[in-house]
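Structure first, commentary second.
The values are calculated or read from the model by the stated rules, or taken from the named source; none is laboratory data. This structure is a prediction, so every number in the text was calculated from the model and none was measured. Counting neighbours? That spans all protein chains shown, and the Cβs are built from the backbone with ideal geometry, glycine included. When the accessible area is computed, the model is the full protein with side chains, heavy atoms only, and any ligands, DNA or RNA have been set aside. Shrake-Rupley method; radii C 1.70, N 1.55, O 1.52, S 1.80 Å.
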Amino acid sequence: MSEIVTRFAPSPTGYLHIGGARTALFNWLFARGRGGKFLLRIEDTDRERSTPEATAAILKGLTWLGLDWDGDVVSQFDGKDRHAEVAHEMLARGTAYKCFSTQAEIEAFREAEKARGVSYPVFLSPWRDADPATYPDAPYVIRMKAPRTGQTVIDDKVQGKVVIQNPTLDDMIVLRSDGTPVYMLAVVVDDHDMGVTHVIRGDDHLNNAARQQMVYDAMGWKVPVWAHIPLIHGPDGKKLSKRHGAVGLEEYQAMGYPAAAMRNYLARLGWAHGDAEFFGDTEAKEWFSLEGIGRAPARLDFKKLENLSGQHIAATADADLLPEILAFFGAAKLPEPSQPQKDGLVRALFSVKERAKTFTELIEKAHFVLTSRPISMDEKAAKSLDPVSRSILSELTPQLQSVSWERDKLESVVAGVAEAHVMGLGKVAGPLRAALAGRAVTPSVFDMMLVLGREETLARLKDLAD
RNA sequence: GGCCCGUUCGUCUAUCGGUUAGGACACCAGGUUUUCAACCUGGGAAGAGGGGUUCGACUCCCCUACGGGCUGCCA
């Protein structure tokens, strides 16, 4: 058994689409789990729509997602001479021919057929079997001489055997009149030349596979294993589009989802391994198989993503979490934290990582170490600091001055004050929370005091008294 | 229009002819609780519809409905 080679081949027409990211992930998991290679090729043969910025965005997205590719990024456009060469080889083999029909002629043919009630006009070029002696001195395209009868069977690992009737397919153009290759030819040539053994891609290419398989056959090349995966839909079940919100992968990073959670979630979208829900790369690589891919399109479910995200944040070691959080600041276009803020974050991490579902939530809860005196109060915090509460806090202050700065000691001091006023701990914790963080949603007040230290804690309480 | 693909709880899915159709997220109720989150207990919730095949169909076949894809000298 030879080595497995997969590839991801996006068009550089914008950002990295979330569906594309999943396709890339599947290819990556399949190759990496079997000691194979995962290649990256940019399908930039459409010069008008391809931009270097888009290519950069795709590489950036893949890098963030943690999908590393083997070798250099291949530009499909760079292979245009090779593609043309193959087209001419097909010509020489008699599996392709020059077609001098103009676009206007073809258009007119389609119009006429439709007017006659033919719903799907198949253009049959008059040049298919023409005598070269009759060739005019005019621009021409090279068309593949596709089989006119019989059927083409795509043996797909996800969709099963898909049968296409050959007469429904016209002789597709492989080389345009300006000598540039068409995508359908370029993919096949590139996949063959790159040694791709498994083509895992969106099922919008399922029909294309038939024509591509014809090219493989025409050139006498080995057909790769096909696996056409269903597309991802929006939460409403419709095709994913911008109105659904996040379609670009970078938006997910900006929303504060860790890459590991994205990999986990995306892997489970349209693929399953029994009841496994929460897992890391090691398991995913080991478990991933083409057989486990579902046949129906899956919808995006942000609630589930969020849940997985929270689990991953909680399960990640502090040391690994920090660089990700710092990268998040950049992705979310937040000002880079200062050194003291970073230090505070490190000390506070234990108190926030298990209660944050995203990095956005995490830094919101870590606000108490990111802010500095005087603490500004949000509305809810200000509301909890009524005169009664303030006076209770002022009673607390002297006791905190002398207590040993340990969690259980702090707890008993605060509980003691609450008891003295015949109230629950919550009645004291609320205002205390506000005093320390200026917010109503924070980690445990005791954790905050521990992180802040005696001096800062007292200073924040004292600010309130003034 | 034609061709191709799909259809299990609200969502992601398990099941690969014989199960009380399982899990996860979400939701509801209760518990725990210093806020949030987490956690514990319990609950409601599914095989699109119709025909076959079979001793027996969510699983196999056909039809319908619905959804998606393709139908370019785009990728």
Inset, instruction - Starting from the Cα of A:ALA104, step 7 Å along the direction of its Cβ; do the same at A:ARG347; then give the gap between the two resulting points in nm. - result: 8.0
Inset, instruction - Please calculate the 1.4 Å probe accessible area of A:PHE350, with all protein chains present, and give it to the nearest 10 Å². - result: 110
Inset, instruction - Name the residue farthest towards the positive end of the dipole of chain A from the options A:ILE200, A:GLY453, A:VAL73, assuming +1 on Cβ of Lys and Arg, -1 on Cβ of Asp and Glu, about the Cα centre. - result: A:GLY453
Legend entry - Cα centroid separation - segment A:40-63 against segment A:393-409, whole Å: 59
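On a full-extension model of 0.36 nm per residue, what is the gain between A:GLU53 and A:ALA112, subtracting their alpha-carbon distance, rounded to one decimal in nm? Walk me through the numbers before you get to the answer.
On the way: separation 59, 0.36 × 59 = 21.24 nm, distance 4.28 nm.
Contour length minus the Cα-Cα distance gives 17.0 nm.
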Legend entry - In Å, descending, principal axis extents of the Cα set of segment A:326-466: 48, 30, 27
Inset, instruction - Calculate how steeply helix A:80-93 sits against the longest principal axis of the alpha-carbon atoms of chain A, using the helix alpha-carbon long axis, and give the answer as 0 to 90 degrees to the nearest 10. - result: 30
Inset, instruction - Per DSSP H run of at least 4 residues, take -39500 (n - 2.57); add these up for chain A, divide by its residues and hand me the 222 nm value, nearest 500 deg cm²/dmol. - result: -15000 deg cm²/dmol
Inset, instruction - Using R₀ = 60 Å, calculate the FRET efficiency as 1/(1 + (r/R₀)^6) where r is the Cβ-Cβ separation of A:THR168 and A:ARG407; round to 0.05. - result: 0.25
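Which whole-number value in Å³ per residue fits the convex hull of the alpha carbons of segment A:113-158? Spell out each step's value before the answer.
Values: hull volume 8.0 nm³, N = 46.
It comes to 173 Å³ per residue, whole-number rounded.
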Inset, instruction - Compute the length gained on full extension between A:ALA314 and A:GLU3: take 0.36 nm times their separation in residues and subtract their Cα-Cα distance, giving the result in nm to one decimal. - result: 108.2 nm
Inset, instruction - Extending each Cα 7 Å along its Cβ direction at A:SER376 and A:HIS273, get the distance between those two points in nm, one decimal. - result: 4.8
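Rolling a 1.4 Å sphere over the protein heavy atoms, what is the accessible area per residue of segment A:1-67, to the nearest Å²?
Normalised by residue count, the accessible surface of segment A:1-67 is 40 Å².
Starting from the alpha-carbon convex hull of segment A:1-145, give the projected area averaged over all orientations, in nm².
Averaged projected area of segment A:1-145's Cα convex hull equals 13.0 nm².
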Legend entry - Helix axis angle, A:445-465 relative to chain A longest principal axis, alpha carbon, degrees: 60
Inset, instruction - Provide A:MET423, A:MET262 ordered by accessible surface of protein heavy atoms (probe 1.4 Å), highest first. - result: A:MET423, A:MET262
Inset, instruction - Rounded to the nearest 10 degrees, what's the angle between the helix A:206-219 long axis and the longest principal axis of chain A, both from Cα atoms, 0 to 90? - result: 50
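Per the Kirkwood definition applied to all pairs of different Cα atoms, how many angstroms is the hydrodynamic radius of chain A? Provide the component values of the computation, followed by the final result.
Values: mean 1/r = 0.0376 Å⁻¹.
Here the Kirkwood hydrodynamic radius works out to 26.6 Å.
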Legend entry - In segment A:333-425, the GluC sites (Glu not before Pro) that fall in loop regions by DSSP, at most 14 other Cβ within 10 Å: A:GLU354, A:GLU406
Inset, instruction - Any chance you could check the Cα centroid distance between segment A:282-296 and segment A:125-177 for me, in angstrom? - result: 35
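Please compute the Kirkwood hydrodynamic radius of segment A:87-208 from all pairs of different C-alpha atoms, in Å with one decimal. Please list the in-between numbers first.
Working: mean 1/r = 0.0612 Å⁻¹.
That comes to 16.3 Å for segment A:87-208.
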Legend entry - Convex hull per residue volume in Å³, alpha carbons only, for segment A:274-383: 158
Legend entry - Among the listed pairs A:LYS342/A:LYS365; A:LYS342/A:LYS462; A:LYS380/A:LYS427; A:LYS333/A:LYS353; A:LYS304/A:LYS333, those beyond 19 Å (Cα-Cα): A:LYS342/A:LYS462; A:LYS333/A:LYS353; A:LYS304/A:LYS333
Inset, instruction - Work out the count of Lys pairs in segment A:25-171 where the Cα-Cα distance is under 29 Å, with the pair 8 or more places apart or on different chains. - result: 12
Legend entry - Loop sites in segment A:1-103: trypsin sites (Lys or Arg not before Pro), DSSP, at most 12 other Cβ within 10 Å: A:ARG47, A:ARG49
